[in-house]
Amino acid sequence: MIRLEGVGKRYGGEWAVRDLDLTMERGEFCCLIGPSGCGKSTTLKMINRMVEATSGTIAINGRDVRSMKQEELRRGIGYVIQSIGLFPHMTVEANIGVVPHLLGWDKVRTRTRSLELLELLGLAPDEYAHKYPRELSGGQAQRVGVARALAGDPDILLMDEPFGALDPITREHLQGQFAAIQQELQKTVVFVTHDIDEAVRLGNRVALMRDGRLVQVDSPETLLSEP
Ligand code: ADP
Ligand code: ADP
């Protein structure tokens, strides 16, 4: 599904990521974990080409991402970050409908999809569809961010510390909810976190990075059972 081979990224003279090989199968939930500055976000952003790799190859379903149009990458790959960046002048429903709109879906289909996703994420559509981002709590806004990323029904979801800014209780709640959604949707997820508990809880594979390199890739069980 996603294959990175010998991937590296240099900013100026510094290599932020080097010689990274990683393959993710369809439906896999892979957590990229490691200390701040070790290259997790850069690795994630190279997959949808928000950042261009300096070396190596990244392929999605056998296609080199460099041969894919930016549009195709933005629409085909859901992306969720910590500061979700909801459009402030648009309602919750309109925010979720951004990608469907770009995909040319008609109004009815877009609306149905938006309301369905709100429901899925535990936000009553009647209550939340017409609210503006400023009227939401952090946890609610983050749910809308996840709904927006899911709206175009992408095969791949890239998530960069999506629950990082939340208080511990909301965070745990959202983790559980997201795990349940993933159980059903079976997206291929690449999830960046510096929190080992979160990685082990959510991932079926954990990729450990340090100083721009991948140092270990294992199942959470194996990782935890090691001394
Ligand atoms: P992480 O996500 O693990 O915190 P990042 O991928 O954000 O790590 O950053 C890896 C390294 O690359 C850091 O040293 C960071 O300062 C550097 N870096 C990230 N983005 C840029 C950029 N746009 N320009 C220059 N250096 C960058
Ligand atoms: P994150 O680690 O979650 O990407 P940061 O606050 O480190 O968040 O980075 C925010 C933005 O600034 C990112 O787009 C990143 O690529 C860029 N950035 C990070 N480090 C540097 C740097 N040393 N020089 C220039 N840009 C950077």
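Lysine pairs, Cα distance under 22 Å, 8 or more residues apart or cross-chain: how many in the chain?
Details: Lys9/Lys40; Lys9/Lys45; Lys9/Lys69; Lys40/Lys187; Lys45/Lys69; Lys45/Lys187; Lys69/Lys187; Lys107/Lys131.
Step by step, the pairs that qualify in the chain add up to 8.
Which of the peptides 204-217, 42-55, 2-15 is most tightly packed, and how do the rest follow, judged by the mean count of other Cβ atoms within 10 Å per residue? List each step's numbers first, then the result.
Values: 204-217: 18.0, 42-55: 19.5, 2-15: 15.1.
Listed from highest to lowest mean packing, they are 42-55, 204-217, 2-15.
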Worksheet item: What is the Rg over Rh value, at two decimals, for the stretch 1-116, using alpha-carbon atoms and the Kirkwood definition of Rh?
Response: 1.03
Worksheet item: For Glu71 and Glu14, FRET efficiency with R0 = 30 Å and r from the beta-carbon atoms, rounded to 0.05?
Response: 0.45
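More than 22 angstrom separation, counting every C-alpha pair in the stretch 121-192; what % is that? Could you put the intermediate results ahead of the total?
On the way: 518 of 2556 pairs.
When all Cα pairs of the stretch 121-192 are counted, 20 percent exceed 22 Å.
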Item to complete: Give me the distance between the Cα centres of the stretch 1-44 and the stretch 179-205, rounded to whole Å.
Response: 16
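Under 13 Å from the Cβ of Arg171, count the other residues' Cβ atoms, weight Lys and Arg +1, Asp and Glu -1, and hand me the total. Each step should come with its number before you reach the end.
Values: positive: Arg143, Arg201; negative: Glu161, Asp167, Glu172, Asp195, Asp197, Glu198.
Counting the neighbours of Arg171, the net charge comes to -4.
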Practice prompt. Could you run the Debye sum over the Cα atoms of the stretch 87-227, one equal point scatterer each and no solvent, and tell me log10 of I(q)/I(0) at q = 0.11, 0.12, 0.22 Å⁻¹, two decimals?
Written response: -0.46, -0.54, -1.39
Item to complete: Skip the ligands, DNA and RNA, and give the accessible area per residue of the chain with a 1.4 Å probe, whole Å².
Response: 49
Worksheet item: Which GluC sites (Glu not before Pro) in the stretch 58-161 pass both tests, a DSSP loop state and at most 15 other beta-carbon atoms within 10 Å?
Response: none
Practice prompt. Go ahead and run the numbers for FRET between Glu119 and Met90, Cβ-Cβ distance against an R0 of 22 Å, rounding to 0.05.
Written response: 0.65
Worksheet entry | Quarter of the Cα convex hull surface for the stretch 165-227, i.e. its orientation-mean projected area (nm²) | 5.2
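The values are calculated or read from the model by the stated rules, or taken from the named source; none is laboratory data. No experiment lies behind these values; they were computed from the predicted model shown. Don't worry about glycine lacking a Cβ; one is built from the backbone with ideal geometry, like all the others, and counts go over all protein chains shown. All accessible areas refer to the heavy atoms of the entire protein, side chains included, with ligands and DNA or RNA removed. Shrake-Rupley method; radii C 1.70, N 1.55, O 1.52, S 1.80 Å.
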